[in-house]
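Some notes on the structure that comes next.
The values are calculated or read from the model by the stated rules, or taken from the named source; none is laboratory data. Bear in mind that the values here come from a model prediction, so they are computed numbers and not experimental data. Ideal geometry is used to build each Cβ from the backbone, glycine not excepted, and the neighbour counts take in all protein chains shown. Remember, those area values only see protein heavy atoms, side chains included, never the ligands or the DNA or RNA. Shrake-Rupley method; radii C 1.70, N 1.55, O 1.52, S 1.80 Å.
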Amino acid sequence: MANHVVDGANGFVASHLISALVARGDSVTALARASGEVVRRKVSDALATLHLNPAMVEKVQVRPFSLAEPDLGTPVSDVFAEPCTYWHSAALITFFPRREAELRDVNVVGSANVAAAFARHAKPGSRYVHVSTAYQHGTTQSRALEQWPEPGHPSEFRNDYEHSKRVAEIELSHTSPAREGEVLVTRLGVMVGHSGTGRALTDLGMYDFLRVIALFARRTPGERVRFVCHPAAALHLTPVDGTVDRMLALAGGPLDRPVRHLVPPVAVPVTDLFAAISAHLPVELVAVTAADVEAEPFSRFEAIVNMRCKFTSPYLRHEYEFESHPDAEPPPVTPRILDLLISWYVREGLPG
């Protein structure tokens, strides 16, 4: 039985990761700022999503946790009592402006505290997995490589969140666990729900965009809404079940390649995403170029919707190319899976 410590345990990816670990009989210590009741509810829901027995949540040991404290606000002697795989998943995810200081405190300083606590207290044979995002590559047009990143100016990123994740990776690369080959960085794509059912326990990313579109589509059905998109825009939508499978396989294998992109080999064209949304909501979403909008300016309705989507729509304006390899690539989102994801959220996930 292997030992695992997972922080940010009430998060979308972490709760599904914990579920998969307990299902295979491993020992899991879950660290979170949230109460034990909240963590257990999140993990129980994730177990159900993965078609597992929710009662297995009782096997998870939940402990309090603070990124702001050097020893994480928890008895580290207990957390690191045995060799373990430590999964650092805790993060602040927001695309809103004027959150730079908070993002740095959580995603950079907090991550540094976790890595330092691991370096001080982890037993020999332990491993450290840092959960990051493929989009730390920013808006640079070059191919994103599976290697430690170089510093980038904040203007090279769509938001401060991406920049904070880049800085966190750079700082991790200078730590003793990284130098000693004990670190794995998993850069995830756009996280979405379960590939078999469409069920999603998150409102971030694609679902934030979908929620805004649904709000306006239901208020004013039948409207056309155009968004400025890159002609080859496609999103690396990544179902949570396939992602967790790849994370577990990589963490259990050799760590000779410390930085990995967990993105599908085939991305979902934005035009396909728009068609799937339009099939389930009374709205026509259309991908256009900036020249198209210059020739035919947005209507007042289009301008309002675009304004409400201004923090997620920038991801439609770029073409992404990530280095990836079969051992790290989750299965792609097919048209059937895309329809499942959209239809489930429209039916079950949207606010009433």
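Evaluate the following for VAL293: is it over 30 Å from PRO326 (Cβ atoms), in a helix (DSSP H, G or I) and open to solvent by less than 20 Å² (accessible area, probe 1.4 Å)?
It is false that VAL293 is over 30 Å from PRO326 (Cβ atoms), in a helix (DSSP H, G or I) and open to solvent by less than 20 Å² (accessible area, probe 1.4 Å).
Within the range 34-41, identify whether any single residue is of a type in the set (D, E, K, R), farther than 26 Å from GLY253 by Cα, in contact (Cβ under 8 Å) with a residue 12 or more places away in the chain and open to solvent by 60 Å² or more (accessible area, probe 1.4 Å), and answer yes or no.
yes
Residue check, PRO264 against (1) open to solvent by 70 Å² or more (accessible area, probe 1.4 Å); (2) touching a Ser or Thr at 6+ places or on another chain (Cβ under 7 Å), all met but one. Which one?
(1)
Of the residues GLU102, GLU69, only one is open to solvent by 30 Å² or more (accessible area, probe 1.4 Å), of a type in the set (Asp, Glu) and under 28 Å from THR238 (Cα atoms); which?
GLU102
Filter the range 109-130 down to the residues that are small (Gly, Ala, Ser) and surrounded by fewer than 18 Cβ atoms within 10 Å (Cβ to Cβ) and list them by number.
ALA116, ALA119, GLY125 - these are the residues of the range 109-130 that are small (Gly, Ala, Ser) and surrounded by fewer than 18 Cβ atoms within 10 Å (Cβ to Cβ).
Within the range 324-339, track down each residue that is more than 19 Å from VAL13 (Cβ to Cβ) and either assigned to a helix (DSSP H, G or I) or of a type in the set (A, V, I, L, M) (or both).
PRO335, ARG336, LEU338, ASP339
Per-residue answers, yes or no, for (1) of a type outside the set (Val, Ile, Thr); (2) at pLDDT 95 or above; (3) in contact with a Cys (Cβ under 8 Å, 6 or more places away or on another chain); (4) in a loop (DSSP other than H, G, I, E, B):
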position: PRO151; (1), (2), (3), (4): yes, yes, no, yes
position: GLU162; (1), (2), (3), (4): yes, yes, no, no
position: ALA178; (1), (2), (3), (4): yes, yes, no, no
position: MET191; (1), (2), (3), (4): yes, yes, no, no
position: SER195; (1), (2), (3), (4): yes, yes, no, yes
position: ALA214; (1), (2), (3), (4): yes, yes, no, no
position: ARG224; (1), (2), (3), (4): yes, yes, no, no
position: PHE227; (1), (2), (3), (4): yes, yes, yes, no
position: PRO231; (1), (2), (3), (4): yes, no, no, yes
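Please go through the range 246-261 and pick out each residue that is crowded, with 17+ Cβ neighbours inside 10 Å and either basic (Lys, Arg) or under 23 Å from LEU235 (Cβ atoms) (or both).
Selection gives ARG246, MET247, LEU250, VAL259, ARG260, HIS261.
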